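Before any comments, here is the structure.
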Amino acid sequence: MRAPLIAGNWKMYKIINEAVQLANGIKRELLDFMKAEVVICPPFTNLSAVYEVIMETNIKLGAQDLFWEKEGAFTGAISAIMLKDCGCEYGIIGHSERRKYFGESDEAVNKKVKSAQEVGLTPIMCVGETQQERQADKTIEVVTRQLTAGLEGLESEDTANLVIAYEPVWAIGTGITASPSQAEEVHKFIRSWIEDKFSNPAAANIRILYGGSVKPENIRELMQQPDIDGALVGGASLKSSSFVNIVKNAVIE
Ligand code: 13P
């Protein structure tokens with residue numbers, strides 16, 4: 001049984017004060033909430049301050065990116081071990097905004113995934129097609145390429161420490177959510193790809209999140225799909241009320 005996982009990607013929002021306030025708001029509502037795993041991913045500058053707020057709760061901390069080297073002369077970069085040191089348990093890797101604005105390649109994503117796993121940080125590896133690619137009927141081709149390159153060199157047991165997020169680029173920040181069946185089609189494909197490449201238990205256990213305009217109003221029908229295990233939430237994770245409602249509505253009993 002896969003536990004639902006809801007992760008908030010705060011992107012480049014919130015200075016320390018605001019981040020602490022938001023984390024406190026989430027903590028107030030979800031302190032004793034055990035029915036879903038909750039992760040918040042603030043900007044690097046807020047990680048330590050947010051960790052102070054959530055450290056003795058079930059809410060977990062994640063980062064939005066990392067560099068694959070452990071240390072060295074890499075100005076501006078942050079390594080997986082540094083993120084662990086700040087209290088992070090997760091790291092978003094290969095978000096489409098990183099691919100688009102920072103030229104992140106599938107090969108870079110692969111190195112980041114491996115470096116995160118090496119120190120026990122769980123990668124949330126993002127895949128997803130652009131609108132143009134979907135219109136050209138290339139969704140499966142693009143996702144296959146991203147999975148193949150991003151997970152190159154991993155073994156079946158490595159998937160125990162891995163989360164995949166399917167985020168169609170055309171649904172991010174646009175208010176257009178993929179319909180539950182559109183999302184399910186790709187999630188199902190990803191799970192079958194994991195089974196072919198790794199193993200049946202790997203496919204049965206890996207969590208695949210959906211991301212793209214997730215709101216309290218649409219999370220439930222997404223979660224009702226058999227291969228959607230949670231969400232990576234952008235805009236709606238920036239207000240405690242909407243994020244908390246997404247978490248609560250994600251649990252189907
Ligand atoms: P929105 O929820 O704002 O569409 O963002 C999704 C996303 O990119 C999460 O990583």
(message) What would the Debye equation give as log₁₀ I(q)/I(0) for the chain at q = 0.07 Å⁻¹, counting only Cα atoms as equal point scatterers?
(response) -0.21
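Quick one: net charge around V214, please, counting Lys, Arg +1 and Asp, Glu -1 for every other residue with C-beta under 12 Å from its C-beta. The partial results should precede the final answer.
Working: positive: K215, R220; negative: E167, E217, E221.
Local charge sum for V214: -1.
Under the rule of -39500 (n - 2.57) per DSSP H run of 4 or more residues, summed and divided by the residues of the chain, what mean residue ellipticity at 222 nm is obtained, to the nearest 500 deg cm²/dmol?
Details: 11 runs with 105 residues, N = 253.
About -12000 deg cm²/dmol.
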(message) From the P(r) of the range 118-253, could you give the percentage of C-alpha pairs in the tail past 26 Å?
(response) 21
(request) Count the net charge of all other residues whose Cβ sits under 15 Å from the Cβ of S240, scoring Lys and Arg as +1 and Asp and Glu as -1. (result) +4
(request) Any chance you could count the Lys pairs in the range 99-188 whose alpha carbons are under 20 Å apart, treating pairs 8 or more apart or on different chains as valid? (result) 4
(request) Report the full-extension gain for the segment D32 to Q224: residue separation times 0.36 nm, less the Cα-Cα distance, to one decimal in nm. (result) 66.7 nm
(request) Could I get the Rg over Rh figure for the range 113-166? Both from C-alpha atoms, Rh via Kirkwood, rounded to two places. (result) 1.06
(request) Provide the net charge surrounding N205, with neighbours chosen by a C-beta distance below 13 Å and charges set as Lys +1, Arg +1, Asp -1, Glu -1. (result) -2
(message) Using alpha carbons only, how many angstrom separate the centre of the range 209-241 from the centre of the range 82-132?
(response) 20
(message) Output needed: percent of Cα pairs per 5 Å distance bin for the range 53-156, bins running from 0 to the one holding the longest distance.
(response) 2, 13, 21, 21, 18, 11, 8, 4, 1, 0
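What order do you get for I15, I172 when you list them from fewest to most C-beta neighbours inside 10 Å? Can you show the working numbers first?
Working: I15 11, I172 20.
The most exposed by this proxy come first: I15, I172.
Hey, with R₀ at 51 Å, roughly what FRET efficiency would K188 and I15 work out to, going by the Cβ-Cβ distance, to 0.05? All intermediate terms of the calculation are to be shown ahead of the outcome.
Numbers: r = 41 Å, r/R0 = 0.80.
Rounded to the nearest 0.05, the efficiency is 0.80.
No lab work stands behind these numbers, since they all come straight from the coordinates. Treat the numbers as computed from the prediction; the structure is a model and nothing was measured. Glycine gets a Cβ as well: all are built from the backbone with ideal geometry, and neighbour counts include every protein chain shown.
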